[in-house]
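Q: Next up is a structure, given as structure tokens.
The values are calculated or read from the model by the stated rules, or taken from the named source; none is laboratory data. Note that this is a predicted model, so its numbers are computed, not measured. Cβ sites come from the backbone with ideal geometry, for glycine too, and all protein chains shown count toward neighbours. These area figures cover heavy atoms from the full protein model, side chains too; ligands, DNA and RNA do not enter into them. Shrake-Rupley method; radii C 1.70, N 1.55, O 1.52, S 1.80 Å.
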Amino acid sequence: MLKKVFNISMISSVLLFLFGLILAVNAEGFIKSITVAIGVILLLIGAFPVIDYFRYRKDGLGASIGLISGIFSIVCGLMLLINEDLLMILIPVFIGVWMIINGINKIQVSFEIKDLGEKSWVITFIYSVLIMVLGGYFIVNPISGATTVTSFIGIILCIYAVLDIIDCVIIKVKVKNFKKELEKIENNVVDEQ
């Protein structure tokens with residue numbers, strides 16, 4: 001049983017490492033692949049309500065709502081398929097705007113902390129400015145921001161996978177040593193009887 005758990009853990013760690021490597025080495029290609037996959041899914045999701053509309057259009061308002069949502073999904077899917085960079089641009093821009101808004105809120109909090117006489121307000125202020133600068137970077141360079149973050153996630157996944165593999169090996173060695181010690185103790189008990 002333990003051997004099976006070990007093997008599953010090792011296989012999953014190796015697969016996670018390979019996935020992280022793909023993210024780290026080819027972040028832009030991975031994001032584009034995801035964009036295409038989402039585009040195809042949206043096309044399929046949109047096609048069913050459109051088909052249903054033409055099959056059941058005499059049933060009234062419900063069918064026409066399905067037509068509208070279906071067309072919207074199809075248009076979004078086509079936009080993603082035509083422009084593979086669209087998702088890679090939109091997500092970092094939204095994240096950048098969110099980071100700037102969050103940074104502004106944190107600056108406000110840092111001044112409130114300062115008004116309370118706390119000296120640690122400077123740390124919050126510096127952190128807030130850094131968050132705003134990073135958010136601005138994502139807005140100005142969305143593709144670079146997306147690939148950088150994706151590559152970073154890939155590197156983190158690779159590090160995690162390597163550490164997990166090391167941990168599995170250490171556990172396997174410790175279990176093997178524990179079994180040997182347990183056998184020695186059992187043999188000593190049997191010999192004493």
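Q: Contact list please: Cβ distance under 8 Å, first residue in the range 129-141 and touching a residue at least 24 places away in the same chain (Cβ under 8 Å), second residue open to solvent by 60 Å² or more (accessible area, probe 1.4 Å), pairs at least six apart or on different chains.
A: Matching pairs, first to second residue: ILE131/LYS106; MET132/ILE104; GLY135/ILE95; GLY135/VAL97; GLY135/TRP98; PHE138/ILE95; ILE139/VAL97.
Q: If I go through the range 72-95 residue by residue, how many of them are closer than 21 Å to THR148 by Cα and open to solvent by 80 Å² or more (accessible area, probe 1.4 Å)?
A: Total satisfying the criteria: 2.
Q: Shifting gears a bit: Hey, does the range 16-23 have a residue that's hydrophobic (A, V, I, L, M, F, W, C) and at pLDDT below 90? If you could, list the steps in order and put the result at the bottom.
A: Let us first name the residues in the range 16-23 that are hydrophobic (A, V, I, L, M, F, W, C), namely 16-19, 21-23.
After this cut, where a residue has to be at pLDDT below 90 as well, the list is 23.
So far as the range 16-23 goes, yes, one or more of its residues are hydrophobic (A, V, I, L, M, F, W, C) and at pLDDT below 90.
Q: While we're here: Residue under question is LEU182, and the condition is that it be in a helix (DSSP H, G or I), crowded, with 17+ Cβ neighbours inside 10 Å, aliphatic (A, V, I, L, M) and modelled with pLDDT under 95; does it hold? Walk me through how you get there before you give the answer.
A: On the way: in a helix (DSSP H, G or I): yes; crowded, with 17+ Cβ neighbours inside 10 Å: no; aliphatic (A, V, I, L, M): yes; modelled with pLDDT under 95: yes.
No, not satisfied.
Q: Looking at the range 16-39 only, could you name the residues that are open to solvent by 80 Å² or more (accessible area, probe 1.4 Å) and either touching a Cys at 6+ places or on another chain (Cβ under 6 Å) or touching a residue at least 40 places away in the same chain (Cβ under 8 Å) (or both)?
A: Matches in the range 16-39: PHE19, ILE22, VAL25.
Q: Restricting attention to the range 96-130, report how many residues are open to solvent by 70 Å² or more (accessible area, probe 1.4 Å) and assigned to a helix (DSSP H, G or I).
A: If we filter the range 96-130 for residues that are open to solvent by 70 Å² or more (accessible area, probe 1.4 Å), which is where we start, we get 98, 101, 104-106, 108, 111-112, 114-116, 118-119, 123, 126-127, 130.
If we keep only those that are assigned to a helix (DSSP H, G or I) as well, we get 98, 101, 104-106, 108, 111-112, 114-115, 123, 126-127, 130.
Final tally of qualifying residues: 14.
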